[in-house]
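Novice: Below is one structure. I have some questions about it.
The values are calculated or read from the model by the stated rules, or taken from the named source; none is laboratory data. For clarity, every value in this text was computed on a predicted model and none was experimentally measured. Note that we place each Cβ from the backbone using ideal geometry, even for glycine, and neighbour counts take in every protein chain shown. Note: areas computed on protein heavy atoms with side chains; ligands, DNA, RNA excluded. Shrake-Rupley method; radii C 1.70, N 1.55, O 1.52, S 1.80 Å.
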Amino acid sequence: MKQAIGLLFAVLSMSACGQNKVGGNKEQDVNQPVKKDTPLNENYEPEVTVVKHEELLQVLNEQNDTLNVVNFWATWCVPCVKELPHFIATLQEMKDKPVKLILVSLDTRSSLESAVIPFLKKKNFVARHYLLDDNGRMNEWIPKIDPGWDGAIPATALYKNGKKLRFDQGQLSENELKANIQTHL
Amino acid sequence: MKKLLIGAGILSLAFTACNDVNSSKGKESPTTADTTADKKEASAPVTMPEGYKVGDEAMDFKLKNIDGQEVSLAQFTDAKGYIVIFTCNHCPYAKAYEGRIKDLDKKYKALGYPVIAINPNDPALQPEDSYEAMKTNAQEKGFTFPYLFDEKQEVYPVYGATKTPHVYLLQKENAKLIVKYIGAIDDNYEKPEAVKAKYVETAVDALLAGKPVAETKTVAVGCSIKDKRTQKS
């Protein structure tokens, strides 16, 4: 079972790399700015990995010296959709720094093809995308992300090397987001 | 009573803070804090009160129902308690639970625990949650319970609701309203047929049996309550 999870993790990491079109290993990823990958790609084909919370926690546990900005959102969530452009713009501004955006959609699995992917494509929201398809175990995984989170979205967590450095429930302004990232870079 | 006073105190503090955001003189000149202009500009972040914990005494309220009548909990003289649910029209989670909220009311009203639904959202931010839309929604879905409008957004912060749906199960104890459970209705909004734990039902059943509630707090994803005071540009 453990092996299976490990394998899954490897597959996930690989697909994540493929998605970002970043060749090579994670260390290179940190030291060399991403050159090819700009969010201004009009033909962006978002890849969204559907996960259970165990797999998501493994992604958040990556030991790669990168600050992962993890935003929980949904296509129908007005404040989420409102703040996402700040996240995309801020991360684009900081693309030479070891910080990455992970967007975790809480839309249903059944709306992935009909709503989530078309939305990300239309908005050109380049990030590592996951859809957390674990609606029967919210009471289990929400406290694992943060004990103080009662489930309202949007919510944003900052992780580095598996350690959660910050958690915010509710909308973040662009300045707040920047300040939070700067503090933990 | 103490809790109630503290709650009301915190609430008024939060509101004062809200009105004072743009003016440090606010405290010295309270008359200006109430002007419309000040209120409009007071959209900067404010710290909301923490809200109730299980075991706290909850306050009663008087809010307008969809039939135009003011409703307060004290009116339900025969009730042993209340299933207070902050919910709304627009939110997919709230929508998914409408049928189950009706079922709760159907089952527990007769047993002394009626459902009291409250829409806490500001329609200026979420037009689908307007008072008129509440009426239409309740009629279309055949709501059997009061569907109240927290128009001034004064009740939900005192309770500490942050999202829809958000349940507060209250029990009358020595003429006080004691919070017995806070959280979700059950463990699967998306697939009612896959629900394993019916949190609210289990909690009310325990109260009816005179037993303590085993699981007093749960969390689930919900739509954040729409309030200008917590909104960011």
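Novice: Do any residues in the stretch B:80-99 that are touching a residue at least 40 places away in the same chain (Cβ under 8 Å) have Cβ atoms under 7 Å from those of residues that are among the acidic types (Asp, Glu), where the two are at least six apart or on different chains, and which pairs are they?
Specialist: If the second residue must be among the acidic types (Asp, Glu), the pairs left are B:CYS88/B:ASP129; B:ASN89/B:GLU128; B:ASN89/B:ASP129; B:HIS90/B:GLU128; B:HIS90/B:ASP129; B:ALA96/B:GLU190.
Novice: Confirm whether B:THR162 is buried (at least 17 other Cβ atoms within 10 Å of the Cβ), within 11 Å of another protein chain (Cβ to nearest Cβ), more than 16 Å from the chain's Cα centre (by Cα) and touching a residue at least 40 places away in the same chain (Cβ under 8 Å). Write out each step before concluding.
Specialist: Values: buried (at least 17 other Cβ atoms within 10 Å of the Cβ): yes; within 11 Å of another protein chain (Cβ to nearest Cβ): yes; more than 16 Å from the chain's Cα centre (by Cα): no; touching a residue at least 40 places away in the same chain (Cβ under 8 Å): yes.
Spelling it out, it is not the case that B:THR162 is buried (at least 17 other Cβ atoms within 10 Å of the Cβ), within 11 Å of another protein chain (Cβ to nearest Cβ), more than 16 Å from the chain's Cα centre (by Cα) and touching a residue at least 40 places away in the same chain (Cβ under 8 Å).
Novice: (1) crowded, with 23+ Cβ neighbours inside 10 Å; (2) in contact with a strand residue (DSSP E or B) (Cβ under 6 Å, 6 or more places away or on another chain): which one isn't true of B:LYS176, the others all being true?
Specialist: So B:LYS176 meets the others, but not (1).
Novice: While we're here: For A:LEU56, which of the numbered conditions (1) farther than 21 Å from A:GLY136 by Cβ; (2) within 14 Å of chain B (Cβ to nearest Cβ); (3) surrounded by 17 or more Cβ atoms within 10 Å (Cβ to Cβ) fails to hold?
Specialist: (1)
Novice: Of all residues in the stretch A:130-185, which are under 19 Å from B:CYS223 (Cα atoms), within 9 Å of another protein chain (Cβ to nearest Cβ) and without any contact (Cβ under 8 Å) to a residue 40 or more places away in the chain?
Specialist: Within the stretch A:130-185, A:ASN135, A:GLY136, A:MET138, A:ASN139, A:ILE142, A:PRO143, A:TRP149, A:ASP150, A:GLY151, A:ALA152, A:GLN169 qualify.
Novice: Against the definition (buried (at least 19 other Cβ atoms within 10 Å of the Cβ) and either under 26 Å from B:ALA197 (Cα atoms) or of a type in the set (D, E, K, R) (or both)), how does A:ILE142 come out, yes or no?
Specialist: yes
Novice: Could you identify the single residue in B:VAL155, B:VAL213, B:VAL200 that is closer than 12 Å to B:VAL54 by Cα, in contact with a Phe, Trp or Tyr (Cβ under 9 Å, 6 or more places away or on another chain) and of a type in the set (Val, Ile, Thr)? Working first, answer last.
Specialist: Working: B:VAL155 fails: closer than 12 Å to B:VAL54 by Cα; B:VAL200 fails: closer than 12 Å to B:VAL54 by Cα.
Every option except B:VAL213 fails the conditions.
Novice: Determine if the stretch A:86-95 includes at least one residue that is within 13 Å of chain B (Cβ to nearest Cβ) and under 26 Å from B:GLN231 (Cα atoms). I'd like the intermediate steps shown before the answer.
Specialist: Applying the first criterion (within 13 Å of chain B (Cβ to nearest Cβ)) to the stretch A:86-95 yields A:86-87.
Going one step further and asking which of them are under 26 Å from B:GLN231 (Cα atoms), we end up with A:86-87.
Yes, there is a match, as at least one residue in the stretch A:86-95 is within 13 Å of chain B (Cβ to nearest Cβ) and under 26 Å from B:GLN231 (Cα atoms).
Novice: Can you name every residue in the stretch A:149-175 that is out of contact with any helix residue (DSSP H, G or I) (no Cβ under 6 Å at 6 or more places or on another chain) and open to solvent by 60 Å² or more (accessible area, probe 1.4 Å)?
Specialist: Result: A:LYS163, A:LYS164, A:GLN169, A:ASN175.
Novice: Tally up the residues in the stretch B:90-122 that are within 14 Å of another protein chain (Cβ to nearest Cβ) and either surrounded by fewer than 24 Cβ atoms within 10 Å (Cβ to Cβ) or in a helix (DSSP H, G or I) (or both), please.
Specialist: Taking the stretch B:90-122 and keeping what is within 14 Å of another protein chain (Cβ to nearest Cβ), we get B:90-97, B:120-122.
Now restrict to residues that are either surrounded by fewer than 24 Cβ atoms within 10 Å (Cβ to Cβ) or in a helix (DSSP H, G or I) (or both): B:90, B:92-97, B:122.
Of the residues in the stretch B:90-122, 8 are within 14 Å of another protein chain (Cβ to nearest Cβ) and either surrounded by fewer than 24 Cβ atoms within 10 Å (Cβ to Cβ) or in a helix (DSSP H, G or I) (or both).
Novice: For the stretch B:123-138: of the residues being surrounded by fewer than 19 Cβ atoms within 10 Å (Cβ to Cβ) and touching a residue at least 12 places away in the same chain (Cβ under 8 Å), which is nearest to the chain's Cα centre (by Cα)?
Specialist: B:TYR131
Novice: I'm checking my understanding of the structure. Among residues of the stretch A:74-85 that are closer than 22 Å to A:TRP149 by Cα and away from chain B (no Cβ under 11 Å), which one is least open to solvent (accessible area, probe 1.4 Å)?
Specialist: First, the residues of the stretch A:74-85 that are closer than 22 Å to A:TRP149 by Cα: A:74-84.
So of that shortlist, the ones also away from chain B (no Cβ under 11 Å) come out as A:81, A:84.
Values: A:VAL81: 36, A:LEU84: 0 Å².
My answer is A:LEU84.
Novice: When the residues of the stretch B:179-233 are filtered to those that are facing another protein chain (nearest Cβ under 7 Å) and among the hydroxyl-bearing types (Ser, Thr, Tyr), which remaining residue is nearest to the chain's Cα centre (by Cα)?
Specialist: Among them, the one singled out is B:SER224.
Novice: Does any residue of the stretch A:104-111 turn out to be buried (at least 20 other Cβ atoms within 10 Å of the Cβ), part of a strand (DSSP E or B), more than 10 Å from chain B (Cβ to nearest Cβ) and not aromatic (Phe, Trp, Tyr)? Break it down stepwise before answering.
Specialist: Residues of the stretch A:104-111 buried (at least 20 other Cβ atoms within 10 Å of the Cβ): A:104-107.
Filter once more, keeping what is part of a strand (DSSP E or B): A:104-105.
This time we only want the ones that are more than 10 Å from chain B (Cβ to nearest Cβ), so: A:104-105.
Then drop every residue that is not not aromatic (Phe, Trp, Tyr), which leaves A:104-105.
Within the stretch A:104-111 (the criterion being buried (at least 20 other Cβ atoms within 10 Å of the Cβ), part of a strand (DSSP E or B), more than 10 Å from chain B (Cβ to nearest Cβ) and not aromatic (Phe, Trp, Tyr)), the answer is yes, since at least one residue qualifies.
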